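What follows is a set of notes on a single structure, which appears directly below.
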Amino acid sequence: MTDEEYMRTAIQLAQKGCGWVNPNPMVGAVIVKDGKIIGQGFHRKFGGPHAERNALSDCVSSPLGAALYVTLEPCCHYGKTPPCTEAILDSGIRRVVIGSSDPNPLICGKGTEILRSRGIEVTEGVLKDECDSLNKSFFHYIRTKTPYVMMKYAMTMDGKIATRTGKSQWITGEAARRRVHEDRHRYSAIMAGIGTVLVDDPLLTCRLENGRNPIRIVCDTNLRTPLSSRLVSTAKLFGTILATSAEEHERHLPYLEAGCKIVVVPEKDGHIDLNCLMAKLGEMEIDSILLEGGGTLNWSALQSGIVNKVQTYIAPKLFGGNGKTPVAGIGADRPDEAFQLSKPSITLIGEDILLESEVITCSQEL
């Protein structure tokens, strides 16, 4: 097998940590000796051993003289676990093949430098793009200390996210809805606006068997979330944050008693300051957010420049009339004022279409 084939196996292993390792990266590792895989592992959960140490523990024979294939540069500092570079040096491994470099300032080339200085052959950049795509959220978070935000919505082919009466369940089919729950498992948090809460009374949990529930965040400028809502009534079971500009502690008390956390954020243009909120959530080690807002919150998020990716599900249906749009607000005056997105990837999911694009133009003054 080639370096690329072994690295592809490491990528498949890394994906098993999806949803469980945040805010750490997904990492997979394979140890090869005499043309055979003798050990493999992945980062299983936040705070647990890293992929390299799990692969070494899995070895069926001595790794002395073996090659290690790892999707991300090995760490070289003490955190929740000891440095992986130490374990590699102690094992007798003689070659390390790396996919992605680690942008963490504590590592950022230092891991490879330590290995090379001790006589280990290091090859970098094998399947780099594929390895990088595993950890876009982590790379963004470690560089900016703010969450990576993916704005998701489902709409009909005439661009409506609800009928003229406000009904939206269900626009897409079961296969697409399952994909959404896979993303709820993947992302650290899910965020909606007060409008969605008042209209839909959503639960915002992951419905997958053995899935991980995201932290639920409501953007609620004036603290109008009903105490009887499903979000508040289940706050002791599932992490729930109400982001508000209402500072009165007396108003916070019933929500706090119900198990909610309150994050007070300054007001900006009549709504909470989303940039300030992102900074506060980053301090709480929330590295990624699935934004399932309505048109108003989606517009505000785009204007604030916090959206990194847009995920659009399109169902083969037509609502017509005055149905709601996925991005509301004042809108652009001219086509050249549009938010620019990258060329979308296109995936057929059941009877629906999924378009995914990175945001190129992150903010506008319209």
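The values are calculated or read from the model by the stated rules, or taken from the named source; none is laboratory data. Only a predicted model underlies this, so the values are computations on that prediction, with no experimental measurement involved. Cβ sites come from the backbone with ideal geometry, for glycine too, and all protein chains shown count toward neighbours. Just so you know, the surface numbers come from the protein's heavy atoms only, side chains and all, with ligands and any DNA or RNA stripped out. Shrake-Rupley method; radii C 1.70, N 1.55, O 1.52, S 1.80 Å.
Structure notes:
- Annotation note: Cβ proximity below 8 Å between a residue of region 238-250 that is within 14 Å of Leu274 (Cα to Cα) and a residue that is of a type in the set (Val, Ile, Thr) and not in a strand (DSSP E or B) (sequence gap 6+ or interchain) occurs for Leu242/Thr225; Ala243/Val265; Thr244/Thr221; Thr244/Val265; Ser245/Thr221; Ser245/Val265.
- Ile306 vs. criteria under 23 Å from Ile194 (Cβ atoms), part of a loop (DSSP other than H, G, I, E, B) and within 20 Å of the chain's Cα centre (by Cα): yes
- Enumeration of residues in region 1-45 that are among the basic types (Lys, Arg) and under 16 Å from Thr123 (Cα atoms): Arg8
- Residue within region 330-339 that is open to solvent by 50 Å² or more (accessible area, probe 1.4 Å), within 27 Å of Ala154 (Cβ to Cβ), in a loop (DSSP other than H, G, I, E, B) and of a type outside the set (Asp, Glu) present: yes
- Of the residues Gly65, Gly19, Gly48, the single one that is surrounded by fewer than 17 Cβ atoms within 10 Å (Cβ to Cβ) and at positive phi is Gly65.
- Qualifying residue in region 307-314 (condition: without any contact (Cβ under 8 Å) to a residue 60 or more places away in the chain and surrounded by 13 or more Cβ atoms within 10 Å (Cβ to Cβ)): no
- Search result, residues across region 22-45 that are under 21 Å from the mean Cα position of the chain (by Cα) and open to solvent by 10 Å² or more (accessible area, probe 1.4 Å): Asn22, Pro23, Asn24, Pro25, Met26, Val27, Phe42, Arg44, Lys45
- Restricting region 102-115 to residues that are among the hydrophobic types (A, V, I, L, M, F, W, C) and modelled with pLDDT under 85, the residue that is most open to solvent (accessible area, probe 1.4 Å) is Leu106.
- Residue in region 232-247 that is on the phi > 0 side of the Ramachandran plot, surrounded by fewer than 19 Cβ atoms within 10 Å (Cβ to Cβ), in contact with a Ser or Thr (Cβ under 9 Å, 6 or more places away or on another chain) and part of a loop (DSSP other than H, G, I, E, B) present: no
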